[in-house]
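The values are calculated or read from the model by the stated rules, or taken from the named source; none is laboratory data. Keep in mind that this is a model prediction, so the values were computed, not measured. Glycine gets a Cβ as well: all are built from the backbone with ideal geometry, and neighbour counts include every protein chain shown. Remember, those area values only see protein heavy atoms, side chains included, never the ligands or the DNA or RNA. Shrake-Rupley method; radii C 1.70, N 1.55, O 1.52, S 1.80 Å.
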Amino acid sequence: MTITGRLRTARGLLSAFAVTSAAHLGAIATGATALQHATKPALMPLLAGWVAARAEQAPKLLVPALAFSTGGDVLLQVGGEAAFLAGMGSFAAAHICYVTMFVKLGALKDRRRTVLTALAYAAAWGVMISQLWPGLGDLKIPVAIYSLLLSSTAVSSAGLGWRTGLGGALFLLSDTLIATELAEWKALPGHGAWVMATYIAAQYLLADGTVRAARPESAPALSAPLATAGR
């Protein structure tokens, strides 16, 4: 495919991702359950398609990370503890892909920054777990392990630039909001919309930042701005 063709395809897929994100958030706001279930599984595949169209040599683990995220999205929609744990496992696999990919791209080269970032996130993890722990019941250990992987993504993503760093932070925020629901905390107004909005923005920023970080300086940029976001 020519560069022009790839650019056109990439823009079309990114626009579809933005429209689907907006539709999904609108469905949450209006309580349109059927539309929520129809749009959520399409989000990460559209983003993965954009990555593939935008960059011929995108990092090999980026699309698998988005594929595992798709699995998590679908399983979390099913409902029930077994599906929830399976979904958490699928997202854990996505985080392993992200962390491995970021390290391979040199995210930990600046040791001082890495240590400071890790200390900050470790402190945040400690506070979060200590506050959520009493309400997590049988999910205490799975949530603690998963949150460590999630924090590892946040730490390593910060080493590739502000886009991936912000994406990692938003992913952590999104899943923390889910954890507060598990712990039966009082929900924020529009809780579900906040969970999904931060998640979609996180995944977009992680994907966009990773492609930028991996692209040779001489390669043309096949980019298009994201007009609308949601999770």
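Going by the structure shown, is residue 64 at negative phi and within 15 Å of the chain's Cα centre (by Cα)?
Against the criterion (at negative phi and within 15 Å of the chain's Cα centre (by Cα)), residue 64 qualifies.
In segment 1-41, what residues are without any contact (Cβ under 8 Å) to a residue 12 or more places away in the chain and of a type in the set (Ser, Thr, Tyr)?
Listed by number, the residues that qualify are 2, 4, 30, 33.
Pick out the one residue from 186, 140 that is open to solvent by 20 Å² or more (accessible area, probe 1.4 Å), part of a helix (DSSP H, G or I) and either of a type in the set (Lys, Arg) or over 22 Å from residue 204 (Cβ atoms) (or both).
140
Can you tell me which condition residue 171 does not meet? The list is (1) open to solvent by 10 Å² or more (accessible area, probe 1.4 Å); (2) without any contact (Cβ under 8 Å) to a residue 40 or more places away in the chain, and all the others hold.
Against the list (1) open to solvent by 10 Å² or more (accessible area, probe 1.4 Å); (2) without any contact (Cβ under 8 Å) to a residue 40 or more places away in the chain, residue 171 comes up short only on (1).
Six or more apart or on different chains, Cβ under 7 Å: which pairs go from a residue in segment 142-156 that's among the aromatic types (Phe, Trp, Tyr) to one that's assigned to a helix (DSSP H, G or I)? Could you list them?
That search, which allows pairs on different chains as well, returns 146/88; 146/92.
Go through segment 44-61 and give me each residue that's under 13 Å from the mean Cα position of the chain (by Cα) and among the hydrophobic types (A, V, I, L, M, F, W, C).
Passing the criteria: 44, 47, 48.
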